[in-house]
1. Out of the chymotrypsin sites (Phe, Trp or Tyr not before Pro) in the range 398-489, which ones are loop residues according to DSSP with at most 13 other C-beta atoms within 10 Å?
2. Step through the residues of the range 260-266 one at a time and calculate ³J(HN,Hα) from phi using the Karplus curve (6.51 cos²θ - 1.76 cosθ + 1.60, θ = phi - 60°), rounding each to whole Hz and writing x for Gly and Pro.
3. Express as a percent, rounded to the nearest 5, the fraction of DSSP beta bridges in the chain (both residues included) that run antiparallel.
4. Please enumerate, by chain and number, the aspartates and glutamates with C-alpha under 16 Å from the C-alpha of Lys309, excluding those fewer than 8 residues away in the same chain.
5. Explain nothing, just the number: relative contact order of the range 365-463, from Cα pairs under 8 Å at least 6 residues apart, as a whole percent.
6. Please list the non-local residues whose amide H lies under 5 Å from the amide H of Gly284, H modeled 1.01 Å from N, same-chain partners needing a gap of 5 or more.
7. Given H placed on each backbone N at 1.01 Å, which residues far from Ser318 in sequence or on other chains put an amide H within less than 5 Å of it?
8. Under a 5 Å amide H to amide H cut-off, with H placed in plane at 1.01 Å, what residues pair with Arg94 once short-range neighbours are removed?
Amino acid sequence: MSSNYIKNHNFPEDLRTMDYDELELLSYELRDFLISSVSKTGGHLSSNLGAVELTIALHKCFDTPKDKLIWDVGHQTYVHKLLTGRIDGFSSLRQFGGMSGFPKVCESEYDVFDTGHSSTSISMGLGMAAARELTGDDYNIVSIIGDGAMTGGLAFEALNNAGNSKYNFIVVLNDNGMSISPNTGGLSKSLGRITSTGKYIQIKDQIKKGFSKVPVVGEGMISGIHHAKDSLKYAVIDGIYFEELGFKYIGPVDGHNVRELCETLELAKGIHGPVLIHCVTKKGKGYSVAEDKANIFHGIGPFDVETGKPINKSSGKSYSDVFGDTLIEEAKTNDKIVAISAAMIDGVGLSRFQKEYENRIFDVGIAEGHAVTFASGLAKAGLRPFVAVYSTFLQRAYDNIIEDVCLQKLPVTLCIDRAGIVGADGETHHGLYDISYLKSMPNMIVMAPKDGEELSDMIHFCAESDMPCAIRYPRGEAAAIANSSDNNQLILGKSERLIESGSVDIWATGNMVSTALETAQLLNEAGIDAGVVNVRFIKPFDKENLIEAAKTSKLIVTLEDGALIGGIGEYIDSLLINEDIRVMNLGWPDKFIEHGSAAELYDKYGLDAKRISQKIKSEV
């Protein structure tokens, strides 16, 4: 078995004594194990299959954990975990109480940072390099970043700073979005290697010094040589951009050739100053189904290895599907509707929209801040942009929302997918903070649908609104709540009463409305009358009906799938401060919530109907 082969070695130490034939065999074993294991647990497969040889080479060439490997995003670190003694953890990968699917400092000394968002590794690595120079320590630092993450503005800011720093620091660009060209690519690789060797650099400096001694014409000759050299470089070297920033560029390198990777990494270790290695890989490498459908297998649930088909896939529409389908409906009658995605067209439900309106959708790459400001430009020019983005990634666009959308009072709609608890990806991916920061922004309308039908209604509402709008909705299958009110038309700032208030009145938002209804039923069975209100509009808030509820109830309970600090519960507290009413706020505590299924996390933190009803019973 592959697992036995891997377990019988002491990695990463054994890598440093293995020959290249043994390392190639290891790459097969690692892939077999990954495919078998992830098929049972789900996870990020295609990116990890593409990084097998690269990870082997990194641990062979560097003295980890003394040398620091900093993984961008971190979803491609499964092989890194296998080579650092964590094979037993894969049976519980991304499961409650089990091993994280991302680097975790608490898991291993080989993990340098807890990561989960893109474009951060170069900044992190440069900071460590600067600290190393100040403290006099001696270790190598390697930041491994994907080509997708290089579209993030932070990566470019870090590159600009790093190239000017002159610190010894290696950036590995894992490019899985293009193939190696036998013409330009091969020449680039050769020239990149030649111009990166110490001998070349030494000769170049000697020539420059020699010409500078020639009277009158010396500097002109140097300038002319530079011009000729630069013309050649601009013509044939893909990495000229990095060279101009101050990096020594090496590549492209075949990311599935361990020997070539090791030779390149050893070369880079001997170069003074920042180095960028351009490594070309293939997502899904070694598993044909994942190679053909790399995007689907980027993050997938349990699947059948033979066919690649998901196991126990939900047959119902997800909230993402509802969003995408509804936006298509709007676009049919409103030619000003446009969609924007930050490298997540499939994930946010826009794949069908892209097929039908390819000229009205924009994928800006992993650049959420740019996506929002780009949308402001579209809106200023008369269009109606809908920016679809995961809640956790929208955090990166905080200032853009305030300055470029809200301040300008532009009709940009933020469609915030994966709001609330998302499950297996854990701390870096839960969408718990959007309510807290969005409701503080002037001119912003913030909504949360109780089910799929209400999400559609909210999208129609936003298409007609002249204000900045945000709709937050959860991951997974869209709910269908049967007992909506008779008059459930959306009216700005008005809530929806689903059950008449009793001694207890539960004010819930978004996906927690269904939990509130279930809680009310449990309370009613226990002889406690409980009302339920659907807080559709988080902002502007329905103050009038809240005050009325406070006059007839003994206890108001707030229920939200977001952080308690800055949430709707705190806001309701402030509105009722002068009322003779008790308030219980239920939501997520002031801590980073671990990974696990939504049901497990709701249970642990007392946010399921059974636990909520027990808390309410103790108060009435």
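The values are calculated or read from the model by the stated rules, or taken from the named source; none is laboratory data. Bear in mind the structure is a predicted one, so any value in this text is a computation, not a measurement. FYI the Cβ positions are ideal-geometry reconstructions off the backbone, even for glycines, and counts take in every protein chain you see. Surface areas here come from the heavy atoms of the whole protein model, side chains and all, with no ligands, DNA or RNA. Shrake-Rupley method; radii C 1.70, N 1.55, O 1.52, S 1.80 Å.
1. In loop regions of the range 398-489 (DSSP not H, G, I, E or B), there are no sparsely surrounded chymotrypsin sites (Phe, Trp or Tyr not before Pro).
2. Ordered by residue, 3J(HN,Hα) equals 4, 5, 5, 4, 5, 5, 5 Hz.
3. In the chain, DSSP labels about 15 percent of beta bridges as antiparallel.
4. Answer for Lys309, where 16 Å is the Cα cut-off: Glu291, Asp292, listed by chain and number.
5. Values: 125 pairs, mean separation 25.4, N = 99.
So the answer I get is 26 percent.
6. Placed amide hydrogens put Ser47, Leu49, Gly50 under 5 Å from Gly284.
7. Distant-sequence amide H within range of Ser318: Ala478.
8. Met99, Ser100, Gly101
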